[in-house]
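Peer 1: Pasting a structure here, questions to come.
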Amino acid sequence: METFRESLEETLRVAVPERVPAEGEERPIRLFSQDESRFGLITVQRRRITLKGVKPVGTFQQQFESFYLYGAIEPVSGESFFQEGEKCNSATFAEYLKGLSNAFPDSLNLLLLDNGRHHTAKTLEVPENVRLVFLPPYSPELNPIERFWQAMKEKVAWLTFDTLDPLRDRVKERLAEFSLRQLQSLTGYSYILQALQSLNGSFLC
């Protein structure tokens, strides 16, 4: 993991295509931390504060309906793109990539993500302005968006819902509560910011 941190700038350079921009064309390089998380009717459990000697109590339900929230956050700016998906597979991920590509059409968008099978499928179609940068195996601590998912799950902890629709509404509400500054704070890992500063300081794609 330490090797990955130290070599991130070079890793990103490899991900950037070598080409000469057309006259007057500037396409900045942006890096997003990407992952997806499952939200379902099974109650999210978290620690609860009680008086000493008092056993914490919470309402819990175990139902198995769920959906996935795909997300990417740019540590430099806090800008983000989220999209709901019914499944966690390569087809749904491809739809997400199309949405992200359209949301940020004027930049080359590098996505820092894990080696999940749906991320590495041979049939996966990646848009022209998107590049996938894979983390070392079993290293979620290198992916800043993991901190966001922890904060997001805190916002829906111990809540119960009869169906997915009110859960979807609550997730959207809680998602909207995050400011750009908060997303920057959660995802602005120093090793990523330093690599990007050097990369964007040397050339534009």
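The values are calculated or read from the model by the stated rules, or taken from the named source; none is laboratory data. All of these numbers come straight from a predicted model, not from anything done at the bench. Note that each Cβ is placed from the backbone with ideal geometry, even for glycine, and that neighbours are counted across all protein chains shown. When the accessible area is computed, the model is the full protein with side chains, heavy atoms only, and any ligands, DNA or RNA have been set aside. Shrake-Rupley method; radii C 1.70, N 1.55, O 1.52, S 1.80 Å.
Peer 1: Of all residues in segment 25-80, count the ones that are within 26 Å of LEU111 (Cα to Cα), in contact with a Ser or Thr (Cβ under 8 Å, 6 or more places away or on another chain) and not in a strand (DSSP E or B).
Peer 2: Of the residues in that region, 5 qualify.
Peer 1: What are the residue pairs meeting all of these: first residue in segment 155-172, first residue free of Cβ contacts under 8 Å to residues at least 24 places away in the same chain, second residue in a helix (DSSP H, G or I), Cβ atoms under 6 Å, and 6 or more apart or on different chains?
Peer 2: Within 6 Å, the pairs are LYS155/ARG174.
Peer 1: Further question on the same structure: Can you pull out the helices (runs of 4 or more DSSP H) entirely within segment 81-199 that have at least 2 residues that are surrounded by fewer than 16 Cβ atoms within 10 Å (Cβ to Cβ), aromatic (Phe, Trp, Tyr) and in contact with a Gly (Cβ under 9 Å, 6 or more places away or on another chain)? Steps first, please.
Peer 2: Values: elements: 90-103, 117-120, 145-155, 164-176, 180-187.
Helices (runs of 4 or more DSSP H) meeting the threshold: none at all.
Peer 1: Being in contact (Cβ under 8 Å) with a residue 60 or more places away in the chain and under 30 Å from PHE32 (Cα atoms) is the filter here; which residues of segment 56-73 pass it?
Peer 2: Correct list: GLU65, SER66, PHE67, LEU69, GLY71, ALA72, ILE73.
Peer 1: Name the single residue that is modelled with the lowest pLDDT among those in segment 1-16 being open to solvent by 40 Å² or more (accessible area, probe 1.4 Å) and either under 18 Å from LEU132 (Cβ atoms) or part of a loop (DSSP other than H, G, I, E, B) (or both).
Peer 2: Across segment 1-16, the extreme among qualifying residues is MET1.
Per-residue answers, yes or no, for (1) of a type outside the set (Lys, Arg); (2) within 23 Å of ILE49 (Cβ to Cβ):
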| residue | (1), (2) |
| --- | --- |
| ILE145 | yes, no |
| TRP149 | yes, yes |
| THR163 | yes, no |
| LEU167 | yes, no |
| ARG174 | no, yes |
| GLN184 | yes, no |
| GLN194 | yes, no |
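Peer 1: Please give the number of the condition ARG47 fails out of (1) in contact with a helix residue (DSSP H, G or I) (Cβ under 8 Å, 6 or more places away or on another chain); (2) open to solvent by 20 Å² or more (accessible area, probe 1.4 Å); (3) farther than 16 Å from ASN129 by Cα; (4) of a type outside the set (S, T, N, Q).
Peer 2: (1)
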